[in-house]
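This report refers to the structure that appears directly beneath it.
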Amino acid sequence: MNDQTRVRGLWRQGLEVFVDNRLALAGVGIFVLLAAFSFLGPLFYGSDQVHTDLANVYLSPGTAGHPMGTDGVGYDQLGRLMLGGQTSIVVGLAAGLLATVVGTVWGAIAGFAGGWVDAIMMRVVDAMMSIPALFLFMLMAAIVTPTVPMLIVIIGAFAWLGPARLVRGEALSLRTREYVLAMRGMGGTGGRAVRRHIIPNAIGTVIVNATFQIADAILYVAYLSFLGLGVPPPAANWGGMLSDGLSDTFSGHWWLLYPPGIAIILIVLAFNFIGDGLRDVFEVRLRRR
């Protein structure tokens with residue numbers, strides 16, 4: 001059996017393991033539906049999310065032209081839910097992937113180098129992890145103007161600490177493997193070892209952790225927006241809608257609170273289900289069953 005056939009066999013086994021996990025498939029389905037709703041929905045359901053309409057505030061669901069009602073400034077709630085989904089998904093995906101990339105590189109270098117390099121790099125991680133992440137996010141969001149790119153940078157700049165520790169642990173075990181020692185004995189550089197051996201062999205841990213990082217990033221966006229530190233109007237995201245709808249709920253305007261809250265719960269659950277499925281895929285015992 002050549003290497004190409006073996007790789008195809010591993011991919012096929014991994015796909016079978018993933019498909020066997022019903023929750024993982026449900027997670028993929030939920031994410032696809034929410035992404036289609038947020039990005040394709042506006043193509044079929046147009047609404048003005050820029051100009052306020054004070055003549056049509058707090059319309060209840062089912063009103064002609066407004067299936068999910070309107071909010072306190074007249075924005076159509078269904079269209080706003082689509083617009084908010086775009087921001088939440090984009091920021092969550094981009095910030096989660098940024099945190100995964102930075103954490104993977106940092107942890108791989110620290111674990112492979114060892115010694116004083118590892119000590120210094122991981123003390124930086126430990127020091128930053130000792131500060132509550134939400135406090136750091138709030139501090140940075142209060143200092144700078146919270147735009148979509150800035151939210152991605154703020155969340156990604158602090159969410160990489162967890163992946164760094166995970167990959168560093170993988171690197172510590174991988175650097176003593178025979179193929180790494182052989183490559184170094186033939187004159188290979190440390191950078192080549194990290195690029196060609198450490199990171200590729202830790203890819204299972206990296207991919208699984210990336211799904212959880214995306215879920216966490218979406219929650220962080222919701223936290224910041226709930227505290228009034230999200231993207232300013234007329235932009236929207238589900239966390240900001242949740243914050244705005246909380247005060248209106250006591251006035252009986254329930255449709256402003258529950259839809260964004262349910263959307264946040266669903267997408268976070270979806271990525272957690274996908275992460276659990278991917279963890280099974282990269283589990284050696286299951287992959288070789």
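The values are calculated or read from the model by the stated rules, or taken from the named source; none is laboratory data. Bear in mind the structure is a predicted one, so any value in this text is a computation, not a measurement. Here Cβ is always computed from backbone atoms with ideal geometry, including for glycine, and neighbour counts include all displayed protein chains. For the accessible areas, the whole protein counts, side chains as well, though only heavy atoms, and no ligand, DNA or RNA atoms are used. Shrake-Rupley method; radii C 1.70, N 1.55, O 1.52, S 1.80 Å.
Residues of the stretch 130-171 that are assigned to a helix (DSSP H, G or I), at pLDDT 80 or above and aromatic (Phe, Trp, Tyr): PHE158 alone. I'd like to know if the stretch 103-114 contains one or more residues that are in a loop (DSSP other than H, G, I, E, B) and out of contact with any His (no Cβ under 7 Å at 6 or more places or on another chain). Yes.
Applying the criterion of being among the aromatic types (Phe, Trp, Tyr) and buried (at least 19 other Cβ atoms within 10 Å of the Cβ) to the residues of the stretch 100-125, the residue that is farthest from GLN213 (Cα to Cα) is PHE112. Checked against (1) β-branched (Val, Ile, Thr); (2) open to solvent by 10 Å² or more (accessible area, probe 1.4 Å); (3) modelled with pLDDT under 80; (4) assigned to a helix (DSSP H, G or I), THR176 passes all but condition (4).
Candidates in the stretch 48-99 are the residues that are among the charged types (D, E, K, R) and open to solvent by 10 Å² or more (accessible area, probe 1.4 Å); of these, the one that is farthest from GLY230 (Cα to Cα) is ASP53. Taken over the stretch 220-256, the criterion of being of a type in the set (Phe, Trp, Tyr), closer than 15 Å to LEU78 by Cα and touching a residue at least 12 places away in the same chain (Cβ under 8 Å) is satisfied by TRP238, TRP255. Filtering LEU43, LEU83, LEU33, LEU23 for residues that are over 26 Å from LEU219 (Cβ atoms), assigned to a helix (DSSP H, G or I) and at pLDDT 85 or above leaves a single hit, LEU43. Would you confirm whether or not the stretch 206-226 contains a residue that is at pLDDT below 80 and over 22 Å from the mean Cα position of the chain (by Cα)? Scanning the stretch 206-226, I find no residue that is at pLDDT below 80 and over 22 Å from the mean Cα position of the chain (by Cα), so the answer is no.
Residue check: GLN4 meets all listed conditions (1) at pLDDT below 80; (2) open to solvent by less than 80 Å² (accessible area, probe 1.4 Å); (3) of a type in the set (S, T, N, Q) but one, namely (2).
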